[in-house]
Amino acid sequence: QVQLVESGGGLVQTGDSLGLSCAASGRTFSSYAMGWFRQHPGKERELVARIIRNGNTYCADSVKDRCTISRDNAKNTVFLQMNSLKPEDTAVYFCAASTFFFPTSVHDYQYWGQGTQVTVSS
């Protein structure tokens, strides 16, 4: 079991940068693949970025040049840095943990945080 708590959301302006953090409980954080997802109102949850156990990272095409995901296993924390924010980045952002080495679907993630709202004003 792992519990996840996101922080860092809020109201920002177009072009701003924002850093999100996700603190995980438990002693096996390093064994999880971690993902950041977002959900727009009325839409399905979508992957924003993923970092797997060996440190390999992925950012979705929609944020590819504006996204950095990282993890600090000593602090049981995963980070998402988003730059040049746009109004379409407005969403609830979720942190998730997967026991899969290489999760490929939202369904591959077993543990979820409660989410943090990010609002980008134009």
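The values are calculated or read from the model by the stated rules, or taken from the named source; none is laboratory data. Quick caveat, the model's predicted, so the values are computed rather than measured. Please note: Cβ atoms are built from the backbone with ideal geometry, for glycine as well, and neighbour counts cover all protein chains shown. Remember, those area values only see protein heavy atoms, side chains included, never the ligands or the DNA or RNA. Shrake-Rupley method; radii C 1.70, N 1.55, O 1.52, S 1.80 Å.
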Tell me whether the range 102-109 contains one or more residues that are farther than 18 Å from Val5 by Cβ, without any contact (Cβ under 8 Å) to a residue 24 or more places away in the chain, out of contact with any strand residue (DSSP E or B) (no Cβ under 8 Å at 6 or more places or on another chain) and open to solvent by 60 Å² or more (accessible area, probe 1.4 Å).
yes
One residue is enough: does the range 16-34 have a residue meeting the conditions free of Cβ contacts under 8 Å to residues at least 40 places away in the same chain and part of a loop (DSSP other than H, G, I, E, B)?
yes
Go through (1) hydroxyl-bearing (Ser, Thr, Tyr); (2) at pLDDT 95 or above; (3) under 22 Å from Ser98 (Cβ atoms) one by one and return the number of the condition Thr28 breaks.
(2)
Residues that are over 12 Å from the mean Cα position of the chain (by Cα) and modelled with pLDDT of 95 or more, at least 1 per element: which strands (runs of 3 or more DSSP E) completely within the range 54-111 meet that?
67-72, 91-98
Return the pair list, or none, for Cβ contacts closer than 6 Å from residues in the range 42-54 that are under 12 Å from Val78 (Cα atoms) to residues that are of a type in the set (Val, Ile, Thr), at least 6 apart or on different chains.
Ala49/Ile69; Ile51/Thr57; Ile51/Ile69
Of all residues making up the range 27-58, the number that are open to solvent by 30 Å² or more (accessible area, probe 1.4 Å) and farther than 15 Å from Arg71 by Cα
9
Assess whether Val12 counts as being under 18 Å from Gly115 (Cα atoms), touching a residue at least 60 places away in the same chain (Cβ under 8 Å), more than 11 Å from the chain's Cα centre (by Cα) and not in a loop (DSSP other than H, G, I, E, B).
yes
The lone exception for Leu80 - which of (1) in contact with a Leu (Cβ under 8 Å, 6 or more places away or on another chain); (2) under 22 Å from Ser121 (Cα atoms); (3) surrounded by fewer than 20 Cβ atoms within 10 Å (Cβ to Cβ) it fails
(3)
